[in-house]
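Taken together, the values in this text are just the output of simple stated rules run on the coordinates, not laboratory data. Values in this document were obtained by computation on a predicted structure and should not be read as measured data. Neighbour counts run over all protein chains shown; Cβ positions are idealised from the backbone, glycine included.
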Amino acid sequence: ATMASEFIALMMKANGLQPFGDKESTFNSDSKRSWFQNFEALSYKADRDSMALMIGTDGKVQEYKQKEAEVTPLRNVLGIVWGQDTTISIIIGAHYDHLGIRDGKIYNGTDDNASGVSGVLALAKSWSGSPEKPPCNLIFASWTAEEKGLIGSKYFLQNQINRPVNIILSLNMDIISRRAPEDSTGR
């Protein structure tokens, strides 16, 4: 996941997006944005397929830690094309995680959901290279931990303190390369 997120951030940068992740403090106390929104999740020994967001050290988190929970660092990858009206935004997103290895079988996620991330990056390149500024902000997002219960996108929505934007629409791309067998025209 770390390697995938680094690659996606590199592609966002190469495609001309601006970073829209966490604010980073620099040596001279200026803040700039990162490509990543970093957070942690807990996975429980009793059920490694279960994860929950870790948002501080409240009693619930402490209770889970006593059940031998493992802390997993996670991160969303976020880029933006600023619009004419910077107070409203549209999110164009896809998840970059997949199932990994289960029972000795590899689930790479080429269709679910590298195809969606590729679609996000293609639209990002098109908009960032356009001489026309979009009417509103376009936030391009690659979510993590979707396969564990939409954790990355939920975290983004619950943690908007440093991103005061009014989201008017979210477009989610998932398995965009798949074609239904009954689709003889290739649509």
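Under 5 Å from the amide H of residue 136 lie the amide H atoms of 84, 85, each residue being 5 or more positions distant or on a separate chain, with H modelled from the backbone and absent for Pro and chain starts.
Here r is the Cβ-Cβ distance between residue 6 and residue 122 and R0 is 22 Å; the resulting FRET efficiency, rounded to 0.05, is 0.70. Under the simplified labelling scheme, the residue 18-residue 157 pair shows an inter-label distance of 2.6 nm, with each label point 7 Å from Cα along Cα→Cβ. Scanning residues 5 or more positions from residue 33 or on other chains, those with amide H under 5 Å from its amide H are 24, with H placed 1.01 Å from N in the peptide plane.
Highest mean packing first, where packing is the average number of other Cβ atoms within 10 Å per residue, the peptides 145-157, 129-141 line up as 145-157, 129-141.
Amide H to amide H, with H built 1.01 Å from N, residue 170 comes under 5 Å of 91, counting only residues 5 or more places away or on other chains.
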